[in-house]
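Just so it is clear, none of the values below were taken in a lab; they were calculated from the coordinates. As the structure is a computational prediction, the values presented were derived from the model and not from experiment. Heads up, the Cβs are rebuilt from the backbone with ideal geometry, glycines too, and the neighbour counts pull from every protein chain shown.
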Amino acid sequence: MLRRASSSTKEALPLSTGQYGQPRNGYGPRHSGYGAVHAKDHKRGSGGCGGYLPWAIVLLACILCAGFSLNYRAKYNNYRDKLGDIRKQLLKHQTKYRALEKQLRDLERKRKEAKDKKAKDKTVDKRMSHLESMQKRSQEVARDKNIKRLEAQIQRMSHREVMEIYGAGPYRVKFDVIFPTDEGIADPQGATESFTVELASVDEMPHSILFFLEQVYHELWNGATFVLNAKHIFQAGPHSLTKDSDLLHKFQSSELQKLAFQEYHEKWPHVKFTIGYAGRPAGPDWYINKIDNTEAHGPGGQVHHALKEEADPCFGKVTDGFDVVEKLFRVPGYGRHGILEKRVYIKSATVLGIE
């Protein structure tokens, strides 16, 4: 039989331990060992939870990164789509720009062509204008020569007629006139007063003196009147005592109303008491110069006419009856042209020395 160990022996003998430091004897409370194990496991479990936290943070960061990535991916896709639209619009605008640029080049080319054409046309027009001007000038020179030739022919024909009909001259014409009275107009049956004019030489003014002699010879001035008393001239015309131009038909029917051209000779300037034809073309009205009108009625003196180089024909001068002429100059007129309130009646005009 075994002897029970003494307490001293019991204390002396060490207890063997198991793998985890548990008593291997059967005396120790098993729950004590279990509890010790769980205490250790609890301690280890506390240490394991602390090891999972970094992974949880990493996982959360990954989730956040994934969320951000998805968000940015969506934004990227949105921006990419917008960029694609912008690129399309840019391409569209570039196409339009190229088309407009092409149109601009075409317009610039056309403008340059038009400018060159205009410059060329201008040069051509200038040359044509110069050519036309030269042709026109040549025509004017030829026309002037023809006119001068016709005028010379008219003068030769007039000279021959004057010589055949009226002789070599001198040629004198007597005017019998009747003045108006204080009571009224001139009485055609009243007393007459006379003055005489001597015409220019047939060699100097043949056309004008033939024209005037023919008017007088055909009695066209009989019954006509003096109608104007301007400051510089005293003028007669184909007017009766009370009407205007009512005697013009007599001149027209005789074809003696207008001269063929403005005949003028430097030896017959418009000095005082000379007579001249009025108008352009001249006739049938004629006037007595009250003053020296050499410049005013000579060549270039009347610039209001189209051919200002022309002059009024001066074809005679008063040689007798100066007192009557001065009396004519005193007959009152009104207005700028000196229109006579009472006209002076020409009872007759006679070519002296002609039967």
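What to note about this one:
- Rounded, prolate or oblate (a/c below 1.5 giving rounded, otherwise prolate when a/b exceeds b/c) for the range 195-246 by Cα gyration tensor: oblate
- Each residue, MET128 and LYS148, gets one label point 7 Å from its Cα in the Cβ direction; the gap between the two is 3.3 nm.
- Restriction of the GluC sites (Glu not before Pro) in the range 257-300 to DSSP coil positions whose beta-carbon has at most 16 other beta-carbons within 10 angstrom yields GLU266.
- Prolate/oblate/rounded label for the chain (Cα gyration tensor, a/c 1.5): prolate
- 12 Å beta-carbon shell around VAL325, net charge (K/R +1, D/E -1): +1
- FRET efficiency for ASN77 and ARG98, using Cβ-Cβ distance with R0 set to 30 Å, rounded to 0.05: 0.45
- Net charge contributed by nearby residues that have their C-beta within less than 15 Å of GLN302 (K/R +1, D/E -1): -3
- When each of LYS258/LYS317; LYS250/LYS347; LYS174/LYS250; LYS174/LYS347 is checked by Cα-Cα distance, pairs over 18 Å: LYS258/LYS317; LYS174/LYS250
- Trypsin sites (Lys or Arg not before Pro) restricted to DSSP loop in the range 255-345 with at most 11 other C-beta within 10 Å: LYS267, ARG330, ARG336
- Nonlocal amide H pairs with ALA186, under 5 Å, H built at 1.01 Å: THR181, ARG343
- Taking the C-alpha atoms only, the angle from helix 30-166 to the longest principal axis of the chain is near 10 degrees.
- Cα-based helix-to-principal-axis angle, 206-217 vs the chain, degrees rounded to 10: 60 degrees
- Of the GluC sites (Glu not before Pro) found in the range 117-190, the ones in coil according to DSSP and having at most 13 other Cβ atoms within 10 Å of their Cβ are GLU183.
- Near LYS110: Cβ cut-off under 14 Å, other residues only, Lys/Arg at +1 and Asp/Glu at -1. The net charge is +4.
- Under-5 Å amide H pairs with THR225, H placed in peptide plane, nonlocal only: GLY237, HIS239, ILE346
- Averaging the sequence gap over all C-alpha pairs within less than 8 Å and six or more residues apart, then dividing by the number of residues, gives the chain a relative contact order of 17 percent.
- Whether the range 221-355 is rounded, prolate or oblate, judged on the alpha carbon gyration tensor where a/c under 1.5 counts as rounded: rounded
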